[in-house]
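Engineer: Let me begin by handing over the structure; questions about it come next.
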Amino acid sequence: MASAPAKPYCCSSLNPTSSTPFARRASLSPFPAAKPLRFSYGLAAAAANPRAPRAAVRACLAAPRRPEYVPHRIDDPNYVRIFDTTLRDGEQSPGATMTSTEKLVVARQLARLGVDIIEAGFPASSPDDLDAVRSIAIEVGNTPVGEEGHVPVICGLSRCNKRDIDAAWEAVRHARKPRIHTFIATSEIHMQHKLRKSPEQVVAIAKEMVAYARSLGCPDVEFSPEDAGRSNREFLYHILEEVIKAGATTLNIPDTVGYTLPHEFGKLISDIKANTPGIENAIISTHCQNDLGLASANTIAGAYAGARQLEVTINGIGERAGNASLEEVVMAIKCRRELLDGLYTGINTQHITMSSKMVQEHSGLIVQPHKAIVGANAFAHESGIHQDGMLKFKGTYEIISPDDIGLTRSNEFGIVLGKLSGRHAVRTKLVELGYEINDKEFEDFFKRYKEVAEKKKRVTDEDIEALLSDEIFQPKVIWSLGDVQATCGTLGLSTATVKLIALDGEEKIGCSVGTGPVDAAYKAVDQIIQIPTILREYSMTSVTEGIDAIATTRVLITRDVSGDEHTTSGYSNRSFSGSGAAMDVVVSSVRAYLSALNKMSSFIGAINASSEAPETISAQSSE
């Protein structure tokens with residue numbers, strides 16, 4: 001009987017039935033039972049699975065439509081608004097200041113990404129920021145994007161004072177959907193030491209300023225009690241009730257210093273939802289900082305507890321340790337929707353990779369390689385065990401398809417060759433490069449590969465091809481380096497003298513001048529070996545630090561066949577790499593060049609020998 005096809009881990013459309021022992025144990029769990037899974041590995045996996053129900057396939061391919069925007073309510077209780085504050089809180093990262101033009105470019109990309117609200121800046125902070133927010137409101141805030149013609153809300157931040165609110169309104173009022181976001185601190189430590197105001201004074205200011213923002217004609221006002229995570233609960237319920245009465249449409253609950261744990265923050269949101277009079281007339285929002293590395297987890301906990309707006313930034317940039325990461329939050333909701341009571345967003349996830357790269361470029365903040373979702377290593381696999389699993393079925397080690405975030409990788413399986421790579425992965429790479437070798441040749445090659453991989457972090461395609469050339473044609477040392485002497489400076493041409501030792505022990509000496517000591521030395525080598533070559537690549541790196549560091553040189557050469565009509569086409573375009581190491585940069589360079597020339601000489605000899613063999617056989621058979 002044929003075995004059932006393997007199911008991917010993330011959001012498989014086929015659940016284990018309740019008849020399995022594991023499923024029966026799960027039914028005794030005190031946690032809520034998971035709803036039927038609705039998504040598969042990427043969007044293509046469910047469609048490709050012949051056993052997947054048609055309804056599940058349709059669910060994978062077509063997410064629910066974004067509800068019509070109404071400031072104080074969401075008609076679909078499962079829809080979660082994404083509030084992006086990359087251009088405001090994200091820009092507060094040290095060194096991340098963007099120009100007005102850069103902000104506009106990023107805002108356009110955020111609209112294509114499908115964020116519901118773009119917090120474009122803090123207009124009162126500077127005339128330039130006000131102009132930038134105004135430009136975004138005029139262009140991005142009035143231009144439909146995508147098939148659904150989505151137009152994002154454009155928001156400006158303000159403190160609870162009239163000057164800030166006036167500046168925010170002046171900047172955002174040109175948008176089709178403008179919003180003013182105003183805030184004041186509510187924790188005891190902030191009220192006492194920063195504001196130096198009583199709780200009663202803070203409540204009065206908050207009520208007055210929310211009402212003032214509405215009086216300007218702004219239909220959408222967001223209020224944030226700064227440091228809500230450390231605020232007194234009863235005081236929090238009270239101030240939120242008062243700002244709702246004053247006209248607030250969204251209540252943002254910030255964990256300003258990233259202090260809470262996920263279960264604490266989830267409880268905070270559920271308590272606010274249960275104990276704040278009038279809460280049904282406003283949207284609860286989250287804003288979580290990453291000081292303890294929990295911003296994304298806290299944000300998801302808040303959404304599960306009832307928040308229907310999540311404040312995030314691209315790549316998680318922001319003050320201090322940053323904010324909740326848009327890509328992490330959105331993909332967690334998409335990937336684990338069945339455990340989040342069917343929550344969904346309006347984000348077009350295929351724009352995530354481009355958005356991440358754009359923000360890195362304009363902010364100057366490069367994400368670490370192991371960053372979730374968008375890091376360089378997020379979809380790369382070097383471990384031999386992982387590579388073997390990926391080659392058999394990608395769902396074994398990837399819970400998200402890179403296609404879902406718009407990532408195109410050079411290797412279908414995301415395999416990166418290194419010292420941990422096993423035979424399966426290395427052999428697959430050889431086939432991918434077009435090389436078919438027998439088992440004995442492969443074992444010999446694999447030993448050579450391991451020797452190189454132990455010394456290098458990553459083994460490139462060029463390294464693989466160079467190793468193959470060495471192993472298949474068994475190159476031997478035809479020329480070895482005896483001595484090198486070079487002079488250079490500002491008083492005359494650079495000169496070099498090189499002594500090479502041939503295979504039979506004969507010593508030959510060449511002398512030449514050049515534009516520099518390396519060029520002169522290479523020309524001296526050419527005088528001796530007399531194989532016309534073209535130097536395609538030359539690179540040098542320092543293995544260690546300090547003035548006595550060892551220099552490692554790598555060169556790539558091809559044979560110069562110009563003017564030679566009798567050159568065998570088998571090697572006319574082939575490249576040969578060589579490497580050398582020495583404390584002297586000229587000696588290191590000559591060693592690398594000689595290494596490449598030895599490979600080329602061996603290859604030419606093998607090609608010539610193979611081309612002569614058929615003629616001998618033919619002559620013998622004719623007799």
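The values are calculated or read from the model by the stated rules, or taken from the named source; none is laboratory data. Being a predicted model, the structure only gives us computed values, none of them experimental. When we count neighbours, we look across all protein chains shown, and the Cβ atoms used for this are built from the backbone with ideal geometry, even at glycine. The accessibility values were calculated without ligands, DNA or RNA, using every heavy atom of the protein model including side chains. Shrake-Rupley method; radii C 1.70, N 1.55, O 1.52, S 1.80 Å.
Engineer: Just to check your reading of the model, which residue among GLU280, GLU234, GLU241 is in contact with a Lys or Arg (Cβ under 9 Å, 6 or more places away or on another chain) and either modelled with pLDDT under 95 or charged (D, E, K, R) (or both)?
Structural biologist: The unique qualifying residue is GLU280.
Engineer: Tell me yes or no: at least one residue of the range 239-252 is open to solvent by less than 30 Å² (accessible area, probe 1.4 Å), in contact with a Gly (Cβ under 7 Å, 6 or more places away or on another chain) and either of a type outside the set (Lys, Arg) or assigned to a strand (DSSP E or B) (or both).
Structural biologist: yes
Engineer: State which residue pairs qualify: first residue on the phi < 0 side of the Ramachandran plot and inside the range 361-372, second residue charged (D, E, K, R) and open to solvent by less than 50 Å² (accessible area, probe 1.4 Å) in any location, beta carbons under 7 Å apart, and separation of 6 or more residues or different chains.
Structural biologist: Here the result reads HIS362/GLU102, each pair linking the range 361-372 to a residue that is charged (D, E, K, R) and open to solvent by less than 50 Å² (accessible area, probe 1.4 Å).
Engineer: Here's a follow-up. Determine whether ASP341 is modelled with pLDDT under 85, open to solvent by 30 Å² or more (accessible area, probe 1.4 Å) and among the charged types (D, E, K, R).
Structural biologist: Spelling it out, it is not the case that ASP341 is modelled with pLDDT under 85, open to solvent by 30 Å² or more (accessible area, probe 1.4 Å) and among the charged types (D, E, K, R).
Engineer: Determine whether the range 538-559 contains at least one residue that is among the aromatic types (Phe, Trp, Tyr) and either at pLDDT below 60 or open to solvent by 80 Å² or more (accessible area, probe 1.4 Å) (or both).
Structural biologist: For the range 538-559, residues among the aromatic types (Phe, Trp, Tyr) and either at pLDDT below 60 or open to solvent by 80 Å² or more (accessible area, probe 1.4 Å) (or both): present.
Engineer: Still on this structure, I have one more. I'm checking my understanding of the structure. Among residues of the range 218-238 that are among the polar types (S, T, N, Q) and open to solvent by 10 Å² or more (accessible area, probe 1.4 Å), which one is nearest to ILE118 (Cα to Cα)?
Structural biologist: Selected residue: SER231.
Engineer: Identify all residues within the range 115-165 that are among the hydrophobic types (A, V, I, L, M, F, W, C) and part of a strand (DSSP E or B); write none if there are none.
Structural biologist: Across the range 115-165, the qualifying residues are ILE117, ILE118, ALA120, VAL145, VAL153, ILE154, CYS155, LEU157.
Engineer: For the range 292-303, enumerate the residues that are of a type outside the set (A, V, I, L, M, F, W, C), more than 12 Å from LEU326 (Cα to Cα) and either open to solvent by less than 10 Å² (accessible area, probe 1.4 Å) or modelled with pLDDT under 95 (or both).
Structural biologist: ASN298, GLY302
Engineer: Exactly one of (1) of a type in the set (A, V, I, L, M); (2) closer than 26 Å to THR97 by Cα; (3) modelled with pLDDT of 95 or more is unmet by ALA321. Its number?
Structural biologist: In the conditions (1) of a type in the set (A, V, I, L, M); (2) closer than 26 Å to THR97 by Cα; (3) modelled with pLDDT of 95 or more, ALA321 misses (3) alone.
Engineer: May I ask you to list the residues in the range 304-321 that are out of contact with any Ser or Thr (no Cβ under 7 Å at 6 or more places or on another chain) and either within 20 Å of THR353 (Cβ to Cβ) or open to solvent by less than 10 Å² (accessible area, probe 1.4 Å) (or both)?
Structural biologist: Answer for the range 304-321, where residues must be out of contact with any Ser or Thr (no Cβ under 7 Å at 6 or more places or on another chain) and either within 20 Å of THR353 (Cβ to Cβ) or open to solvent by less than 10 Å² (accessible area, probe 1.4 Å) (or both): there is none.
Engineer: Only one of these is without any contact (Cβ under 8 Å) to a residue 12 or more places away in the chain, at negative phi and not aliphatic (A, V, I, L, M): PRO127, PRO152. Name it.
Structural biologist: PRO127
Engineer: Kindly indicate the residue of the range 132-167 that is of a type in the set (D, E, K, R) and at pLDDT below 95 and also least open to solvent (accessible area, probe 1.4 Å) among those meeting that condition.
Structural biologist: GLU148
Engineer: For the range 168-217, what are the residues that are open to solvent by 50 Å² or more (accessible area, probe 1.4 Å) and basic (Lys, Arg)?
Structural biologist: Selection gives ARG173, ARG176, LYS177, LYS194, ARG196, LYS197, LYS207, ARG214.
Engineer: A further question follows. For THR97, all conditions in the list (1) β-branched (Val, Ile, Thr); (2) assigned to a helix (DSSP H, G or I); (3) farther than 27 Å from THR260 by Cβ hold save one; what is the number of the exception?
Structural biologist: (2)
Engineer: Further, regarding this structure: Exactly one of these conditions fails for VAL498: (1) touching a helix residue (DSSP H, G or I) at 6+ places or on another chain (Cβ under 6 Å); (2) in a strand (DSSP E or B); (3) open to solvent by 30 Å² or more (accessible area, probe 1.4 Å). Give me its number.
Structural biologist: With respect to (1) touching a helix residue (DSSP H, G or I) at 6+ places or on another chain (Cβ under 6 Å); (2) in a strand (DSSP E or B); (3) open to solvent by 30 Å² or more (accessible area, probe 1.4 Å), VAL498 is out only on (3).
Engineer: Here is a follow-up. Considering only the range 51-62, I want to know if a residue exists there that is modelled with pLDDT of 75 or more, open to solvent by less than 70 Å² (accessible area, probe 1.4 Å) and not aliphatic (A, V, I, L, M).
Structural biologist: no
Engineer: Ok, one more. Exactly one of these conditions fails for ASP526: (1) within 23 Å of ASP483 (Cα to Cα); (2) surrounded by fewer than 18 Cβ atoms within 10 Å (Cβ to Cβ); (3) at pLDDT below 85. Give me its number.
Structural biologist: Just one mismatch for ASP526, condition (3).
Engineer: While we're looking at this one, here's another question. Among the listed residues ARG112, ARG108, which satisfies the condition of being over 22 Å from ASP220 (Cα atoms) and in a helix (DSSP H, G or I)?
Structural biologist: ARG112
Engineer: Let me ask you something else. Mind listing whichever residues of the range 319-349 are of a type outside the set (A, V, I, L, M, F, W, C) and under 17 Å from the mean Cα position of the chain (by Cα)?
Structural biologist: Correct list: GLY322, ASN323, SER325, GLU327, GLU328, ASN348, THR349.
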